[in-house]
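Undergrad: Below is the structure I would like to discuss, written out as structure tokens.
The values are calculated or read from the model by the stated rules, or taken from the named source; none is laboratory data. Not measured: the values here are computed from a predicted model. When we count neighbours, we look across all protein chains shown, and the Cβ atoms used for this are built from the backbone with ideal geometry, even at glycine. The area values use the complete protein model at the heavy-atom level, side chains included, leaving out ligands, DNA and RNA. Shrake-Rupley method; radii C 1.70, N 1.55, O 1.52, S 1.80 Å.
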Amino acid sequence: RMQIKAIKQGLSEVVPASLLQLCSWQDLEWRVCGKPVIDVKLLKRHTEYSGVSAQAPHVSYFWSILRAFSADDKRAFVRFAWAQERLPADDQEFERTQTRMLIKPFTGLPNPDMAFPKADTCFFNLMLPEYSSAAVLRQKLLFAIHTDADSMDADVRPAEDQNSRNLANQFIY
């Protein structure tokens with residue numbers, strides 16, 4: 001009860017208690033944390049491009065694959081690219097917070113199909129190699145978003161068995 005009372009008191013310092021009574025817990029969660037469902041159309045509207053065309057084949061593959069991802073994979077992507085699990089709730093919230101995703105080219109390897117996408121989570125930047133096919137992009141993106149090898153949290157480590165280390169080394173280096 002003490003913890004709930006403290007939460008209620010803290011919330012009422014930011015939002016008058018009389019207004020809180022007008023919201024369901026779901027409405028409040030949505031307004032504070034964003035929608036639990038990743039809206040790819042909303043994200044696409046708030047994506048910019050630097051050094052790569054929005055119409056480039058690999059960018060088209062990316063959007064098609066992201067739309068087809070499961071809800072868990074979409075959240076994993078947002079966590080990979082931005083270190084968050086939810087997007088701003090709507091267009092106004094994207095604009096108010098000046099949030100945008102930036103897709104940039106990934107350079108440095110002679111064969112882009114050998115690279116993994118990278119992200120600058122502090123800036124919501126995605127470096128996307130020019131993959132030769134949607135299938136390659138899907139495979140590389142799924143591996144990247146579900147592997148903790150380059151996690152922001154130094155305490156998070158991939159499984160410590162030899163097979164995991166070999167697999168990570170094969171794909172990352």
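Undergrad: Suppose a student asked you for the relative contact order of region 1-153, using Cα pairs under 8 Å spaced at least 6 residues apart; what percent would you report?
TA: Reported as a whole number, the value is 24 percent.
Undergrad: Follow-up. Please list, in chain and number order, the residues 5+ apart from residue 49 or on another chain whose amide H is under 5 Å from its amide H, with Hs placed from the backbone.
TA: 103
Undergrad: With all protein chains present, calculate the accessible area of residue 40 using a 1.4 Å probe and round the result to the nearest 10 Å².
TA: My reading of the accessible area for residue 40 is about 10 Å².
Undergrad: Given the whole protein assembly as supplied and a 1.4 Å probe, what does the accessible area of residue 33 come to in Å², nearest 10?
TA: 70 Å²
Undergrad: Share of region 40-109's accessible area from carbon and sulfur, percent, 1.4 Å?
TA: Summing carbon and sulfur atoms, their accessible area is 45 percent of the total for region 40-109.
Undergrad: Right, next: Using the heavy atoms of the protein chains and a 1.4 angstrom probe, tell me the accessible area per residue for region 1-119 in square angstrom.
TA: Value for region 1-119: 65 Å² per residue.
Undergrad: For the pair residue 56 and residue 22, how long in nm is the line joining their label points, each one 7 Å along Cα→Cβ?
TA: About 4.6 nm, to one decimal.
Undergrad: Amide H of residue 119: which non-local residues (sequence gap of 5 or more, or other chain) have their own amide H closer than 5 Å, using H built in the peptide plane?
TA: Here the answer is 127, since their amide H atoms fall under 5 Å of that of residue 119.
Undergrad: Which order do 22, 11, 109, 137 take by accessible area at a 1.4 Å probe, largest first?
TA: From most exposed to least exposed: 22, 109, 11, 137.
Undergrad: To the nearest 10 square angstrom, what accessible area does residue 75 show with a 1.4 Å probe?
TA: Looks like 60 Å² after rounding.
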